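Only one structure is covered here, and it is reproduced in the block below.
The values are calculated or read from the model by the stated rules, or taken from the named source; none is laboratory data. Remember, predicted model here, so these are calculated numbers, not experimental data. Neighbour counts run over all protein chains shown; Cβ positions are idealised from the backbone, glycine included. Quick note on the areas: whole protein, heavy atoms, side chains included, nothing else; ligands and nucleic acids left out. Shrake-Rupley method; radii C 1.70, N 1.55, O 1.52, S 1.80 Å.
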Amino acid sequence: MELLIRVSDVLDRVIIKVGRLAAWAGLFLILVTIFDVVTRRFLVLGSTKLQEAEWHLHVILFAFCLGYAYLKDAHVRIDLLRENLSERTQWWIEVAGCLLFLLPYCGLVIWFGIDFTERSYATQEISASATGLTHRWLIKIVIPIGFGFLALSGITVLLRKLIELFGPEELRQKVHEIEEAEIEHLVDVVPPELRRYDDQRDGGQN
Amino acid sequence: MDFYIEDFLPLFMFAALGILLFSGYPVAFILGGIGLAFGFIGMFFDVFSFIQFFNIVPRIWGGIAENLVLTAIPMFIFMGTMLERSGVASDLLHCLQVLLRRVPGGLALSVTLMGTIMAATTGIIGASVVMMTLLALPVMLKRDYNVPLATGTIAASGTLGILIPPSIMLVIMADLLARSVGNLFVAAIIPGFMLAVFYMLYILVLCGFKPKLAPPLPKEEGPDSAGGILLLVVRSFIPPLFLVFLVLGSILFGWATPTEAAGVGGAGAILLAAVNRRLNFSVLKDVLERSALTGGMLFGIFLGATCFSYVFRALGGDDIVIDLVESLGLGSWGLLLMLMAIVFFLGFFFDWIEITLIVLPVFSPIIGALDFGNHVESLEITYWFAILLAVNLQTSFLTPPFGFALFYMKGVAPPEVKIQQIYKGIIPFVLLQLAGLGLIMAFPDIALWLPRVLLN
Amino acid sequence: GDAAAQDKRVRWNMASAYGSKLTQLGTLGVRLSDELEAVSGGSLRFKFFEPGALVPALEMFDAISAGSIDAGWSTPGYWTGKNEAFALFAAVPFGPRAGEYLGWYYHGGGKELFDELYAEYGIKSVMCGVIAPEASGWFRKEINSTDDLKGLKMRFFGLGAKVMEKMGVSTQLLAGGDIFPALERGSIDATEFSMPAIDLNLGFYQVAKHYYFPGWHQQSTLFDLMMNKEKYDALSDTQKAQIDAVCGANITAGLAEGEAIQGAALAELKEKGVTIHRWPPEVLDELRGAWNEVAAELAASNPTFKKVWDSLTAYREQYKIWGDLGYL
Ligand code: NA
Ligand code: NA
């Protein structure tokens, strides 16, 4: 069990590092776009390469952040029924989801994604727009790699849930703390003194 | 007629999604997982083969990755996150609230206005809903707004972007119809703004009768003197207004395409944060990371949805829909209403692009050849139908339980905001949109008059 | 009768690169699907799928090669990313008209090179359509000389874009949805699109008033029916012959229709206030010079391109005397 925690921690750190690094692609995306917009007014550079660079950055950004978002619990969940379920049931759902949905889904995209990249590499594919960028396989491979990180994040979550389900109490506690610390809310949480309203108003007014 | 269970697999996909969605597992992976599972079930019944899964990757590649339009999404998310983090958004909304102190639901009205302006710069619902939620929801919650009213206002005004041009949806529709994008753009203007006006009237009336839902600013808060208000306006109103001008202006003056305008907005948001002296390395890093997480969430749904809808189509789902409509043998109005109902239903499960691909190519020539008497001139039926479809698709982004716009919103909303509140909040706005749809059906000139005047 | 009755029933998915409603580009694909079923007595059913329904239009190549889609209706010109030589089987800048082009394809060695090229990717393709010349594009301002081209921002795709860059044009890629608003607001100055009958429906005249001819980059455009080679090889000889026959007829149909419909479309465009221009000869000469440079560069860097280019050039040289003498 200790080993499971260590493995999941290593995976966790790697995935989050990668995600945080990839997040900077967002800034470069904005910079490239602005550069293209501004220079187009004054210079004849030809924008095809720049515009292709834009979606290259967009691919890096979303592909490497899929797993990062899973660990940070940023993927949307419909929690309508979930709240009424016991914690144990929720853990079991997460285990089943990882094993039956997430991992096979990643497996498939990785499998065919590599095939897809190989086809591109074998033909030394370049942009279909004759004035665009070359070495298309370099960006195509980002998709299977991104899904690879997503799969690893699935394994991390799976290991943690197994510990929570079957591990000794102290490890369960430890995992729980790690998980709580990881959750990142995309919008600043409403201050505690205001929290009462969403239950109160909603229930109260009807 | 023989009954083969494999003919009905696509319908079971709806059922499976409907049930499993409520397991609380991430929507993105449920969509992908169900697509996968039904592919395997299809293999068992010999109506699908393993190699057909290959198509999922080129779909991801061509539809989501190598897609220049979608690059606007991360940039708009960044813009929203930066404006929120740097306090520019809450300053602006605070100022609006001070100005609209005496107007019922002033903040909600400002949000609707903001959504309408945002709609004129982008046509991607994911981008506008996420951005609007980031900007407005925290402020509205802090101001004690009724949660369903706040979420409903944001989600509804956020989805206006798909109707008010520029809109990638109208471009794709024009492509499938082989008709002018310009005509569709112009035809969508009045219906789009009409809905925005409906929302505002509704908010005004509702908040007028129930001021508790949208508490006005306490009297003691905010400046009272004209000078104080002027200072507030200059401080908090002008900078974001400048940003709006920059984004919209860059499109109107032909400096940037609508997609690139998102980049202008992102850069402008950095600039404003710097002017507000709230920009430093850690803020920038934090905003980038949060935007990346939001993007991961959003694109996770896109990826799952493309897998789900591909398998649906490969299993013959389109044919079920088409056969259903054709087997009913309806007259012109019956057929139109039936199609609208089906599109509304499909909107629960699919992205607009998949619905458009099912409905438009098959039914637009049929509808276009129908006779609506004096109601619509036969040459204009196709445009009229496209606008009806567009309004309907906008609505179906919001319809509980499976509205995609609601997912995007839930993804970025504070965890205190429950999906049931979001569902509840959307009901009046969906009704307003259906009323709008009915009006455009009853009075086609709402859509057709402007192109007639402007373009001919 | 009997031979057809024994053929294995083929139920294939055919992805289209063009929407079914698009004049010629799409309608010829629908015609292909319908005719195959009629001619084969139902043994060949190629179900037409809108672009993006199975995979996005430009992704069908890999999908057909992998066998995840059985067939596709498209133009070889889309696959220059795989190999630039494909462009020579679709539309050649300053290239031949339909008659001369088909002469090369069927009798000048084109078809053999075509089969050889596609076979590398596990695809069998049958040439299946040809359409009229395209227009040169929509411009917001009048162009009188090549100096007017310099610095112009133009949406341009394919080999023609390389030529344009040599002329000092800043070529833009642009998201599909941005082309129209970009041209309207002036973020771009011009775009190439298609032939008059198509451009009329798509409404480009609403945002740019200057329409230029001739379309030097596409004097005629060929379309093909791509099929997964393994699956094609498993077809009966009868079925293969049916495909050849239907495609032959599709070529005739496309050529005839393409010639027939442009006149009315141009008249209507004129009525809508579009100014129709012909490129001055010196502009065309400069463009031709730029194209020859581009072709020479491509031939130097890509052996397959060189092979096909040499074949086409040799054919055109021996054709020239007939072309000059035989036609008015
Ligand atoms: Na819009
Ligand atoms: Na919905």
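Numbers below:
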read-out: Accessible surface, per residue, of region B:124-275 when the full set of protein chains is kept, probe 1.4 Å, Å²; value: 33
read-out: Total lysine pairs whose alpha carbons fall under 23 Å of each other in chain B (8 or more apart, or interchain); value: 13
read-out: Angle between chain A longest axis and helix A:25-42 axis [Cα atoms, degrees, rounded to 10]; value: 30
read-out: Gyration tensor verdict on chain A (Cα atoms; rounded if a/c is under 1.5, prolate if a/b is larger than b/c, oblate otherwise); value: oblate
read-out: Packing-based ranking, highest mean first, of C:223-234, B:81-92 given that Cβ atoms within 10 Å are counted; value: B:81-92, C:223-234
read-out: Anisotropy class of region B:62-199 from Cα gyration tensor, a/c 1.5 cut; value: oblate
read-out: Cα-centred dipole magnitude for region A:8-152, charges only on beta-carbon of K, R (+1) and D, E (-1), debye, nearest 20; value: 380
read-out: Of every Cα-Cα pair in region C:129-252, the percent that sits beyond 16 Å; value: 68
read-out: Normalised contact order of region B:29-127, rounded percent, pairs of Cα under 8 Å and 6 or more residues apart; value: 21
read-out: On Cα atoms only, tilt of B:27-44 relative to the major axis of chain B in degrees; value: 10
read-out: Peptide B:43-53, shielding by other chains (average Cβ, 10 Å cutoff); value: 2
read-out: Top of A:GLU87, A:GLU182, A:GLU164 by mean-square fluctuation, Gaussian network on chain A, Cα under 10 Å; value: A:GLU87
read-out: Calculated on alpha-carbon atoms, Rg and Dmax of chain B in Å; value: 22.6, 80
read-out: Kirkwood Rh, angstrom, region B:125-284 [1 / mean 1/r, Cα pairs]; value: 18.5
read-out: Where B meets A: accessible area buried, both sides, 1.4 Å probe, Å²; value: 7400
read-out: Accessible area of A:VAL7 in the full protein assembly, 1.4 Å probe (Å², nearest 10); value: 60
read-out: For chain C: relative contact order, % (alpha-carbon pairs under 8 angstrom, 6 or more apart); value: 25
read-out: Packing-based order for B:68-75, C:152-159, using average beta carbon neighbours within 10 Å, highest first; value: B:68-75, C:152-159
read-out: Cross-link partners of C:LYS141 among lysines (Cα-Cα below 23 Å; sequence separation of 8 or more within a chain); value: C:LYS150, C:LYS153, C:LYS162, C:LYS166, C:LYS209, C:LYS270, C:LYS272
read-out: Spin-label pair B:PHE193/B:ARG278, simplified geometry with 7 Å Cα→Cβ offset, distance in nm; value: 3.2
read-out: Semi-axes of the equivalent ellipsoid for region B:160-249, Cα gyration tensor, largest first, Å; value: 38, 21, 9
read-out: Estimated vicinal HN-Hα couplings, Hz - region B:351-368 in sequence order (Karplus 6.51, -1.76, 1.60; Gly, Pro = x); value: 5, 4, 5, 5, 5, 4, 5, 6, 8, 5, x, 7, 9, 5, x, 5, 4, x
read-out: ³J(HN,Hα), Karplus 6.51/-1.76/1.60, whole Hz, each residue of region C:148-159, x for Gly, Pro; value: 5, 6, 4, x, 5, 9, 9, 7, 8, 10, x, 4
read-out: Built amide H within the under 5 Å cut-off of B:GLY24, gap 5+; value: A:ILE78
read-out: Largest-first ordering by accessible area, 1.4 Å probe, given options C:TRP73, B:TRP449; value: B:TRP449, C:TRP73
read-out: Residues with amide H under 5 Å from that of C:ILE188, placed H, sequence gap 5 or more; value: C:LEU183
read-out: Most to least accessible of C:TYR106, B:TYR25 (protein chains only, probe 1.4 Å); value: C:TYR106, B:TYR25
read-out: Region C:77-137: C-alpha gyration tensor shape, a/c 1.5 cut-off, then a/b vs b/c; value: oblate
read-out: Carbon/sulfur fraction of accessible area - the protein assembly as shown, other protein chains in place, 1.4 Å, %; value: 63
read-out: Long-range HN-HN contacts of C:GLY129 with modeled amide H, under 5 Å; value: C:PHE223
read-out: Label point at A:THR39 placed 7 Å out along Cα→Cβ; residues across region C:133-156 whose backbone nitrogen lies under 19 Å; value: C:150-156
read-out: Within region C:1-157: Cβ-based charge dipole about Cα centre, in debye rounded to nearest 20 (Lys, Arg +1; Asp, Glu -1); value: 460
read-out: Positive-end residue, chain B charge dipole about Cα centroid, Cβ charges, pick of B:VAL264, B:PRO365, B:VAL233; value: B:VAL233
read-out: Accessible area (Å², per residue) of chain C, counting only protein heavy atoms and a probe of 1.4 Å; value: 37
read-out: Karplus-derived HN-Hα couplings along region B:50-55 (A = 6.51, B = -1.76, C = 1.60, θ = phi - 60°), whole Hz, x at Gly and Pro; value: 4, 4, 5, 4, 3, 4
read-out: Ranked by how many other beta carbons lie within 10 Å on average, peptides B:270-278, B:162-170, A:33-41 from highest; value: B:162-170, A:33-41, B:270-278
read-out: Residue mean of other protein chain beta carbons inside 10 Å, B:157-170; value: 1
read-out: Residues along region B:136-151 losing 20 Å² or more of accessible surface when the other protein chains are present rather than the chain by itself (probe 1.4 Å); value: B:PRO138, B:LEU141, B:LYS142, B:ASP144, B:ASN146, B:VAL147
read-out: Accessible area buried between chains B and C, both sides summed, probe 1.4 Å, in Å² to nearest 100; value: 2900
read-out: Residues of type lysines that C:LYS8 reaches as a straight line, Cα spacing below 20 Å, ignoring anything fewer than 8 places off in the same chain; value: C:LYS47, C:LYS124, C:LYS229, C:LYS231, C:LYS240
read-out: Average accessible surface area per residue within region B:1-118, 1.4 Å rolling probe, Å²; value: 32
read-out: Check: the protein assembly as shown dipole with +1 on Lys, Arg Cβ and -1 on Asp, Glu Cβ, in debye; value: 2300
read-out: Distance between region A:17-65 and region C:91-114 - C-alpha centres, whole angstrom; value: 40
read-out: Contact surface C-A: accessible area buried, both sides summed, square angstrom, 1.4 angstrom probe; value: 1900
read-out: Separation of alpha-carbon centers, region B:269-304 and region A:113-178, rounded to whole Å; value: 22
read-out: Between helix B:125-142 and chain B: long-axis angle, C-alpha atoms, 0 to 90°, nearest 10; value: 40
